[in-house]
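See structure below.
The values are calculated or read from the model by the stated rules, or taken from the named source; none is laboratory data. Being a predicted model, the structure only gives us computed values, none of them experimental. Glycine gets a Cβ as well: all are built from the backbone with ideal geometry, and neighbour counts include every protein chain shown.
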Amino acid sequence: MSDSNTLSLAEEQAFQLTQAAIQLDQSRAEGSADPGALTAALENNLTVWVSLRTVVSTESCTITEQAKQNLVRLAQFVADRTLTGEQPMSNETIDTLINVNLQISEGLLEGAKK
C-alpha cells in the first residue's frame, strides 16, 4: 500500500477476495443461527469474482494472457460451485471457495509488488 493509503486495483481486488473468504468462513460458523448468512456470503463472493473477471477482461489490464485466462476460468469455477443449488453447501465446497480466494488474493498482492 502506498503512503497515501490508496489501494492499487490489484490490492483492492485482493482485499475484496480476502473479505469474501472471511465472510464465507464466518457464515458457516454461524450455521443455523442465521441461515441467510451463507447465502449472503455466497452472493457477495460471486459478485467479487464477477468484478474480478470484468477487470481482467478489459484491454487495459496488464497481466499476462495466461493469467487472464486462468482468472476467467477460476471465476467460472466459482460461479459453477455457487450456482449448483447444493443445499446445504458442503464444508468441502466452502473450504474450496475460501482457499481459492485466499490463494488468488496472495497472488494478486505478490504481482502488485513487482
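Structure notes:
- Thr84 touching a helix residue (DSSP H, G or I) at 6+ places or on another chain (Cβ under 9 Å), touching a residue at least 12 places away in the same chain (Cβ under 8 Å) and β-branched (Val, Ile, Thr): no
- Checking Asn99 against (1) touching a helix residue (DSSP H, G or I) at 6+ places or on another chain (Cβ under 7 Å); (2) part of a helix (DSSP H, G or I), the condition it does not meet: (1)
- Looking across region 75-95 at every residue that is closer than 22 Å to Gln16 by Cα and acidic (Asp, Glu), the one that is farthest from the chain's Cα centre (by Cα) is identified as Glu92.
- Residues of region 85-96 classified as in a helix (DSSP H, G or I) and among the aliphatic types (A, V, I, L, M), total: 1
- Applying the criterion of being of a type in the set (D, E, K, R), more than 13 Å from Gln16 (Cα to Cα) and assigned to a helix (DSSP H, G or I) to the residues of region 102-114, the residue that is modelled with the highest pLDDT is Glu110.
- Failed criterion for Leu83 (all others in (1) exposed (fewer than 15 other Cβ atoms within 10 Å of the Cβ); (2) under 23 Å from Glu11 (Cβ atoms) hold): (2)
- In region 40-63, the residue that is farthest from Ile98 (Cα to Cα) out of those that are among the small types (Gly, Ala, Ser) and assigned to a helix (DSSP H, G or I) is Ser51.
- Residue within region 26-35 that is in a helix (DSSP H, G or I), at pLDDT below 90 and either surrounded by 17 or more Cβ atoms within 10 Å (Cβ to Cβ) or under 17 Å from the mean Cα position of the chain (by Cα) (or both) present: yes
- For beta carbons closer than 9 Å, sequence separation of 6+ or different chains, a first residue in region 16-38 that is hydrophobic (A, V, I, L, M, F, W, C) and a second that is modelled with pLDDT of 80 or more and not in a helix (DSSP H, G or I), the qualifying pairs are Leu38/Met89.
- Only listed residue being of a type in the set (S, T, N, Q), assigned to a helix (DSSP H, G or I) and over 17 Å from the mean Cα position of the chain (by Cα), chosen from Gln23, Gln66: Gln66
- Residue count, region 6-25 (criterion: of a type in the set (A, V, I, L, M, F, W, C) and crowded, with 18+ Cβ neighbours inside 10 Å): 6
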